[in-house]
Amino acid sequence: MKLFDKSVAATIAAKLLEIQAIRLQPEKPFTWASGWKSPIYCDNRLSLSYPAVRSLIKDNLVKAIQENFSRVEAIAGVATAGIPQGALLADALGLPFVYVRSKPKGHGMENMIEGKVTPGQKVVVVEDLVSTGGSSLKAAKDLLNAGFEVMGMVAIFTYGFDVAIENFKEAGIELICLSDYSAMLPQALAKDYIDDETLASLVEWRRDPGTWGK
């Protein structure tokens, strides 16, 4: 797992905060599906409604793919939030696009992967957000099982959890992210979204999200 570019990471984080795709509220934590209490909520789908931010993300994801996975032959989005980002990328790169469902379609062809499946095709997976990496890596595994060659994955934002780093390392899949939690915190402080006390709480959550707030 690595950042594409540190200056890009800061710029993307600032824009996500500005449009409230990233929301910080440690005083009233969000509850994740895992049961974790979280001071942050990240919904990068909001970027799609802001053309300048959407283009900034698309252009840098394109560069990340060109610099790290130059032999790519197709783009795969992870349902659901990775679908529009992936489609934008595939269009910009002039490549075929498919997307991966979280579970097979319950009727018709009952597809797990939508789009033309071409065994042996080199594919890069697109995600909007990586937390533990579980759903992202499941999508990558489904693509491998279908016969694709997964070159790696790109994402807009990651929390940078150790468990995600280990999961991607164990799976042998390279992950390139435009921005992450560590790049976001200085931007939030500089732009007065948080104060020093809030920053300390956010840093503590990042160290031990499972017990934070309990």
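Brief remarks follow.
- Candidates 56, 129, 95, filtered to the one that is more than 18 Å from the chain's Cα centre (by Cα) and not basic (Lys, Arg): 95
- Highlighted here are the helices (runs of 4 or more DSSP H) found entirely within region 1-99 that include at least 3 residues which are surrounded by fewer than 22 Cβ atoms within 10 Å (Cβ to Cβ) and among the basic types (Lys, Arg): 51-68.
- Filtering region 191-214 to residues that are in a helix (DSSP H, G or I) and within 24 Å of the chain's Cα centre (by Cα) leaves 199, 201, 202, 203, 204, 205, 206, 207.
- Leading residue by the ranking (nearest to the chain's Cα centre (by Cα)) among those in region 146-164 that are open to solvent by 40 Å² or more (accessible area, probe 1.4 Å) and at pLDDT 95 or above: 151
- Looking only at region 83-112, residues that are at pLDDT 95 or above and not polar (S, T, N, Q) come to 17 in all.
- Taking the criterion of being open to solvent by 10 Å² or more (accessible area, probe 1.4 Å) and not acidic (Asp, Glu), the residues of region 165-177 that qualify are 165, 167, 169, 171, 172, 173.
- Condition broken by residue 125, with the remaining ones in (1) among the hydrophobic types (A, V, I, L, M, F, W, C); (2) open to solvent by less than 30 Å² (accessible area, probe 1.4 Å); (3) modelled with pLDDT under 95 satisfied: (3)
- Scanning region 133-143 for residues that are more than 15 Å from residue 72 (Cα to Cα) and surrounded by fewer than 24 Cβ atoms within 10 Å (Cβ to Cβ) yields 134, 135, 137, 138, 141, 142.
- Per this entry, residue 180 is counted among residues that are among the acidic types (Asp, Glu) and surrounded by 14 or more Cβ atoms within 10 Å (Cβ to Cβ).
- Members of region 165-190 found to be touching a Leu at 6+ places or on another chain (Cβ under 8 Å) and not in a strand (DSSP E or B), listed by number: 167, 168, 171, 173, 183, 184, 185, 187, 188, 189
The values are calculated or read from the model by the stated rules, or taken from the named source; none is laboratory data. As the structure is a computational prediction, the values presented were derived from the model and not from experiment. A quick note on method: Cβ atoms are made from the backbone with ideal geometry, for glycine too, and the neighbour counts reach across all protein chains shown. We work out accessible area using only protein heavy atoms, side chains counted, and drop any ligands, DNA or RNA first. Shrake-Rupley method; radii C 1.70, N 1.55, O 1.52, S 1.80 Å.
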